[in-house]
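Student: Sharing a structure with you now.
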Amino acid sequence: MPFGLKMSQDVFQSKIDQTFEGCNGVVGIADDIVVFGKTAEEHDENLMERCQNTGLKLNPEKCFIKQKQIKFYGVICNEEGIKPDPSKVSALKQMTKPRDRREL
């Protein structure tokens with residue numbers, strides 16, 4: 001799909017949403033997809049089932065499988081839960097406060 005078109009990202013996101021609709025343990029935003037489960041076996045089953053059912057092909061060079069912790073769209077996800085990525089938070093903290101409406 002040519003991504004130079006204004007609506008192409010919306011169409012692509014819609015296809016990602018359709019592909020993973022009803023699949024527990026999958027989050028897809030743009031071309032980043034996270035598959036998770038409570039156990040390693042559940043994770044693997046979710047991943048393989050969805051790939052087989054949709055004909056989805058994974059690029060091994062871009063896959064990170066069985067990670068204990070990941071950074072995903074500004075947050076860090078691990079078995080303890082989800083928390084803001086400190087590098088993103090520090091960037092916000094370093095911003096100067098707006099002094100008037102124009103700067104806001």
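No value in this document is a laboratory result; all are computed from the given coordinates. Please read all numbers here as calculations on a predicted model, not as lab measurements.
Student: For Lys97, list the lysines whose Cα falls under 25 Å from its own Cα; do not include residues on the same chain fewer than 8 positions away.
Tutor: Answer for Lys97, where 25 Å is the Cα cut-off: Lys83, Lys88, listed by chain and number.
Student: Which ³J(HN,Hα) values in Hz, rounded to whole numbers, follow from the phi angles of the range 29-41 under the Karplus curve 6.51 cos²θ - 1.76 cosθ + 1.60, where θ = phi - 60° and Gly and Pro get x?
Tutor: 10, 6, 9, 9, 10, 10, 10, 9, x, 6, 10, 4, 5
Student: If you don't mind, another one. Which residues' amide hydrogens lie under 5 Å from the amide hydrogen of Val26, considering only partners 5 or more residues apart or on another chain, with H built in the peptide plane?
Tutor: Correct list: Phe36.
Student: In whole Hz and in residue order, list the ³J(HN,Hα) couplings for the range 56-69 that follow from phi through the Karplus curve 6.51 cos²θ - 1.76 cosθ + 1.60, θ = phi - 60°; x for Gly and Pro.
Tutor: Per-residue couplings from phi come out as 5, 10, 9, 8, x, 6, 10, 8, 10, 9, 6, 7, 7, 8 Hz.
Student: Still on this structure, I have one more. Can you give me the long-range amide H partners of Ile76? Hydrogens built in the peptide plane at 1.01 Å from N, cutoff under 5 Å, separation of 5 or more residues or another chain.
Tutor: Here the answer is Lys83, Asp85, since their amide H atoms fall under 5 Å of that of Ile76.
Student: When you have a sec, figure out the Kirkwood radius of the range 39-104 from all distinct Cα pair distances and drop it here in Å to one decimal?
Tutor: 15.4
Student: Still on this structure: Please report, in cubic angstrom per residue, the volume enclosed by the convex hull of the alpha-carbon atoms of the range 1-65.
Tutor: Taking the convex hull of the Cα positions in the range 1-65, it is 88 Å³ per residue.
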